[in-house]
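To keep things clear, I will list the structure first and then write my remarks on it.
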């Protein structure tokens with residue numbers, strides 16, 4: 001929209017300042033600056049730089065002259081009248097954030113959304129954004145899709161700057177193993193309806209392998225579970241293939257294991273840890289457990 005130059009639009013208005021927030025900008029205030037929050041009819045709501053909101057009632061002529069939009073920066077001065085009536089307000093529209101004198105939009109972070117409409121300033125250059133200028137992050141891990149090298153990260157997974165799961169804490173896994181005789185993981189990632197292990201799961205499996213091989217001779221049962229999507233028979237088959245994939249990975253990357261030490265078991269959608277009613281719960285149920293069958297071995301010194 002073409003505007004008159006915002007640098008010199010000064011208008012004398014007869015106005016009444018009404019408090020909208022916690023504090024009114026009183027008559028006699030020398031100069032107040034703020035950002036237009038909304039416009040409608042003869043009123044303009046301005047959020048001042050001090051955090052207060054005031055509604056300035058303008059006459060129709062002033063409204064037509066001002067042509068203010070939400071996001072415009074304004075400065076106004078109150079000039080008390082001698083008879084104590086409504087003060088005269090001098091309002092000046094400043095260059096709005098995202099506007100220059102010739103009306104050309106400014107996009108400081110280069111995301112394609114003008115600054116005046118951008119709810120997420122300083123978006124990284126490579127990120128695709130939505131209509132509000134905010135990065136698109138499909139898996140909600142805090143890393144925008146364009147920079148996420150591990151898309152589809154499970155809910156609540158802690159990730160690095162590339163969007164990939166951080167390695168599991170070794171002491172935590174050791175404590176879980178010694179206390180319970182098993183290690184339970186909900187972040188061994190597979191693509192939907194697939195049994196091939198995704199690269200972003202390699203780190204966590206490597207950590208599990210390092211922990212389990214500290215006790216030579218462990219007899220380990222690898223149990224795989226699915227969530228309730230799909231038929232019961234299909235999920236039973238899918239969990240079997242996933243359990244075998246995990247077993248094969250450990251045997252390939254940890255020669256300390258003998259094939260007889262690792263047994264793959266599959267349970268489909270049975271024994272859920274939580275109702276399959278939310279994505280977070282389904283992620284908990286879609287898990288792999290490493291169960292030590294000769295727990296007495298864990299009592300030996302490493």
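Based on the Stokes-Einstein relation at 37 °C and a viscosity of 0.692 mPa s, and on the Kirkwood radius from alpha carbon pairs, the range 200-302 is assigned a translational diffusion coefficient of 227 µm²/s.
Among 254, 190, the ranking by other beta carbons within 10 Å of each residue's beta carbon, starting with the fewest, stands as 254, 190.
Ranked by how many other Cβ atoms sit within 10 Å of their own Cβ, fewest first, the residues 292, 37 fall in the order 37, 292.
What ranking do 53, 269, 176, 232 get, fewest neighbouring Cβ atoms within 10 angstrom at the top?
By the 10 Å Cβ count, ascending, the order reads 232, 176, 53, 269.
Extension gain for residue 117-residue 182 works out to 18.2 nm (0.36 nm per residue, less the C-alpha to C-alpha distance). In this simple spin-label approximation, residue 161 and residue 33 carry label points 7 Å from Cα along the Cα→Cβ vector, and these lie 3.4 nm apart.
Only the coordinates and a few stated rules stand behind these numbers; no lab work does. Small disclaimer: the values here were computed from a predicted structure and weren't measured. Counting neighbours? That spans all protein chains shown, and the Cβs are built from the backbone with ideal geometry, glycine included.
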